[in-house]
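Below is one structure; the comments refer to it alone.
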Amino acid sequence: MKPDWDSLMEKFAGSATALVADVDCTAAGKSLCEAQGIRGYPTIKYGDPSALEDYKGGRDLPALTKFAEENLKPMCSPANIDLCDDAKKAEINSFMSMSSADLDAMIKEKEAMQEQAEADFKILVEGLQKTYQDAMTKKDATIDEIKASGLGMMKAVKATKAKNDEL
């Protein structure tokens, strides 16, 4: 993916409206990556720098280029309210009219909801992993019991009988 990403960066170098860049999350960019909630690499984010979204598309140059050309442009935001439809303008104006303390409280509440969703998912995955491990252990024990009950010997006897029947 790195060569394709480098090509995409070259293509958009100097753009007045789009930035395509990379950040080393293991070195100087570590704090930025932590602030954006990046946990795995490579991770692609796009959108308003204060509210980046996860990219979920293809990782080859044609897919990245198509996405960039269609999406890396000025978008509806508080800085570009003229690009918003009436509903988004109303939402932005509603948030703009709030006190910083109220806005911080709402952000904190929504972030807590996200963290809870992550925690719930983690618990679910751990449960699924335990269920899988238990099922695998049961299957292995059942197969061992079947083998120990004479399956191998039955197959050997059948093969011997088949040879004797041929003679």
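What is the sum of charges, Lys and Arg at +1 and Asp and Glu at -1, for the other residues whose Cβ falls under 12 Å from the Cβ of K138? Please list the in-between numbers first.
Details: positive: K139; negative: D134, D140, D144, E145.
Residues near K138 contribute -3 overall.
Of K30/K66; K110/K130; K11/K73; K11/K89; K73/K110, which pairs sit farther than 21 Å apart, going by alpha carbon to alpha carbon?
K30/K66; K110/K130; K11/K89; K73/K110
Expressed as a whole percent, how much of the Cα-Cα distance distribution for segment 76-128 exceeds 15 Å?
Details: 867 of 1378 pairs.
Tail of the P(r) past 15 Å holds 63 percent of the pairs.
Counting Lys +1, Arg +1, Asp -1, Glu -1, what net charge surrounds V20 among other residues with beta carbon under 12 Å of its beta carbon? Provide the component values of the computation, followed by the final result.
On the way: positive: K11, K45; negative: D4, D6, E10, D22, E69.
Neighbourhood net charge equals -3.
How large is ³J(HN,Hα) for each residue in segment 124-130, as worked out from phi by the Karplus curve 6.51 cos²θ - 1.76 cosθ + 1.60 (θ = phi - 60°), to whole Hz, x for Gly and Pro?
After applying 6.51 cos²θ - 1.76 cosθ + 1.60, I find 4, 4, 4, x, 5, 5, 5 Hz.
Using a 1.4 angstrom probe, figure out how much accessible area the chain has per residue, in square angstrom, rounded to the nearest whole.
On the way: 13180 Å² over 167 residues.
Result: 79 Å² per residue.
At q = 0.13, 0.16, 0.21 Å⁻¹, work out log10 I(q)/I(0) for segment 36-102 with the Debye formula, treating every Cα as an identical point scatterer and leaving solvent out; two decimals please.
-0.52, -0.72, -0.97
Please work out which option in [x] 1.31; [y] 1.86; [z] 1.07 gives Cα Rg over 2.2 N^0.38 Å calculated from these coordinates, and answer with its label.
This structure yields the entry labelled [y].
Taking H as built 1.01 Å from N, whose amide H comes closer than 5 Å to the amide H of K45, not counting residues under 5 places away?
Y55
The values are calculated or read from the model by the stated rules, or taken from the named source; none is laboratory data. The structure displayed is predicted, hence computed values, not measured ones. Every residue, glycine as well, gets a Cβ built from its backbone with ideal geometry; the counts of neighbours run over all protein chains shown. With ligands, DNA and RNA removed, areas are computed over all heavy atoms of the protein, side chains included. Shrake-Rupley method; radii C 1.70, N 1.55, O 1.52, S 1.80 Å.
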